[in-house]
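Let me begin by presenting the structure, written as structure tokens, before commenting on it.
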Amino acid sequence: MSLDDITIRESKLEDLESLADLYCTLWTNSLRNRGDFEDALLAGRYNIAMQFQRSPIALVAEHDGEPIAACCVGIFDEGVPRTNPYWQARYDELLAMATERAKDADERLEGCLFGDTREKATADRFAATGNDYAQGQINLIIIRPEWQGKGLGRALIDRARTELHNAGCTKFFLMSDNRSDYEFYDHIGMTRIAEDHSQDTGDGFIVYVYGDEA
Ligand SMILES: CC(C)(COP(=O)(O)OP(=O)(O)OC[C@H]1O[C@@H](n2cnc3c(N)ncnc32)[C@H](O)[C@@H]1OP(=O)(O)O)[C@@H](O)C(=O)NCCC(=O)NCCS
């Protein structure tokens, strides 16, 4: 498995199922472990569509016709995130489904459905302060486990940086947390510019904000 056989391209609606499955594998274990596979899949579908909808640069890495990774890149116009019209209708549809399901959801399901949405609200508040890093944001980077550790993550960050630079950004930020592989960003030399403990409900959850030059 070599990076030479990988194409990085714009996302398509047809990528959603495969990437939702990847999202589920990485982040909805607490639902899947108790047998809530349908809810886990809804969380995966909604969250992938949500990330793409707020990423005018919505990239997918493909191998043998299959999506193996996604990298979602956002741009802020004076503190307001630009949306991606291509994903709007699918996002609206899945938001309505997730909102309906959340009406009688317990805390665990609600967290899997809307935890990332709350993280975006935190990002928007950060951007609204006019921080110099808040010109662009890497909204999401996920790679199939069997393709991790081969340089694809670094390649996608480099591609995102180039895209942001071409879009006129000089700096960008991203948010990660201690349930994700945040140490990757330390390793590739990004600067940890803030951390937020306000969402720690006793479970030790910490959000990290990283920044870099575009
Ligand atoms: C985090 C992730 C994007 C990294 O992508 P990757 O393709 O596995 O990383 P690369 O192979 O490009 O690694 C580049 C360098 O970072 C290092 N690295 C990779 N993952 C790391 C981690 N979790 N912690 C510390 N260093 C890491 C590699 O060892 C490599 O180092 P080197 O160049 O000095 O040899 C990927 O593992 C992933 O999708 N994880 C699950 C989803 C996730 O947590 N996303 C990020 C947080 S929101």
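Here's a check for you: in segment 153-162, which residue that is among the basic types (Lys, Arg) and in contact with a strand residue (DSSP E or B) (Cβ under 8 Å, 6 or more places away or on another chain) is nearest to the ligand (Cβ to nearest atom)?
Here is the first cut: in segment 153-162, the residues among the basic types (Lys, Arg) are 154, 159, 161.
With the extra rule that they be in contact with a strand residue (DSSP E or B) (Cβ under 8 Å, 6 or more places away or on another chain), the set shrinks to 159, 161.
Values: ARG159: 12, ARG161: 13 Å.
Among them, the one singled out is ARG159.
A quick yes/no check of all residues on (1) part of a helix (DSSP H, G or I); (2) touching a residue at least 60 places away in the same chain (Cβ under 8 Å); (3) closer than 26 Å to ALA43 by Cα:
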| site | (1), (2), (3) |
| --- | --- |
| ARG161 | yes, no, no |
| LEU164 | yes, yes, no |
| GLY168 | no, no, no |
| GLN199 | no, yes, yes |
| VAL209 | no, yes, yes |
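Exactly one of these conditions fails for ASP158: (1) open to solvent by 50 Å² or more (accessible area, probe 1.4 Å); (2) touching a helix residue (DSSP H, G or I) at 6+ places or on another chain (Cβ under 6 Å); (3) modelled with pLDDT of 95 or more. Give me its number.
Here ASP158 meets the rest and fails (2).
Pull up segment 106-118, narrow it to residues that are part of a helix (DSSP H, G or I) and of a type in the set (D, E, K, R), then point me to the one that is farthest from THR28 (Cα to Cα). Before you say what the answer is, go through the steps one by one.
Applying the first criterion (part of a helix (DSSP H, G or I)) to segment 106-118 yields 107-118.
Remaining after also requiring of a type in the set (D, E, K, R): 107-108, 110, 116, 118.
Details: GLU107: 13, ARG108: 9, GLU110: 11, ASP116: 12, ARG118: 16 Å.
Here the residue is ARG118.
So which residues in segment 163-205 are surrounded by fewer than 12 Cβ atoms within 10 Å (Cβ to Cβ) and either more than 13 Å from the ligand (Cβ to nearest atom) or small (Gly, Ala, Ser) (or both)? Steps first, answer last, please.
Step one: of segment 163-205, the residues surrounded by fewer than 12 Cβ atoms within 10 Å (Cβ to Cβ) are 166, 168, 183, 187, 189, 197-198, 201-204.
Once the filter is applied, which keeps residues that are surrounded by fewer than 12 Cβ atoms within 10 Å (Cβ to Cβ) and either more than 13 Å from the ligand (Cβ to nearest atom) or small (Gly, Ala, Ser) (or both), segment 163-205 yields ASN166, GLY168, GLY189, HIS197, SER198, THR201, GLY202, ASP203, GLY204.
Select from segment 104-145 the residues that are of a type in the set (S, T, N, Q), within 13 Å of the chain's Cα centre (by Cα) and open to solvent by 30 Å² or more (accessible area, probe 1.4 Å) and list them in ascending order. Show your work before the answer.
Of the residues in segment 104-145, the ones of a type in the set (S, T, N, Q) are 117, 122, 129, 131, 135, 137, 139.
Of the ones still in play, those that are also within 13 Å of the chain's Cα centre (by Cα) are 117, 137, 139.
Once the filter is applied, which keeps residues that are of a type in the set (S, T, N, Q), within 13 Å of the chain's Cα centre (by Cα) and open to solvent by 30 Å² or more (accessible area, probe 1.4 Å), segment 104-145 yields only THR117.
Give the residue that is least open to solvent (accessible area, probe 1.4 Å), with candidates limited to residues of segment 3-20 that are without any contact (Cβ under 8 Å) to a residue 40 or more places away in the chain and more than 14 Å from the chain's Cα centre (by Cα).
Taking segment 3-20 as the starting set, the residues that turn out to be without any contact (Cβ under 8 Å) to a residue 40 or more places away in the chain are 4, 14, 17, 20.
Filter again for more than 14 Å from the chain's Cα centre (by Cα), leaving 4, 14, 17.
On the way: ASP4: 137, GLU14: 135, GLU17: 83 Å².
Only one residue fits best here, namely GLU17.
I'd like the residue in segment 139-152 that is of a type outside the set (S, T, N, Q) and out of contact with any strand residue (DSSP E or B) (no Cβ under 6 Å at 6 or more places or on another chain) and, out of all such residues, is farthest from the ligand (Cβ to nearest atom). Walk me through how you get there before you give the answer.
Going through segment 139-152, the residues of a type outside the set (S, T, N, Q) turn out to be 140-147, 149-152.
After this cut, where a residue has to be out of contact with any strand residue (DSSP E or B) (no Cβ under 6 Å at 6 or more places or on another chain) as well, the list is 145-146, 149-151.
Working: PRO145: 8, GLU146: 10, GLY149: 5, LYS150: 5, GLY151: 4 Å.
Going through the qualifying residues, I end up with GLU146.
The values are calculated or read from the model by the stated rules, or taken from the named source; none is laboratory data. Here the structure is a predicted model, which is why all the values come from computation and not from measurement. We place every Cβ from the backbone using ideal geometry, glycine too, and count neighbours over all the protein chains shown. Note: accessible area is taken over every heavy atom of the protein model, side chains too, but ligands, DNA and RNA are not part of it. Shrake-Rupley method; radii C 1.70, N 1.55, O 1.52, S 1.80 Å.
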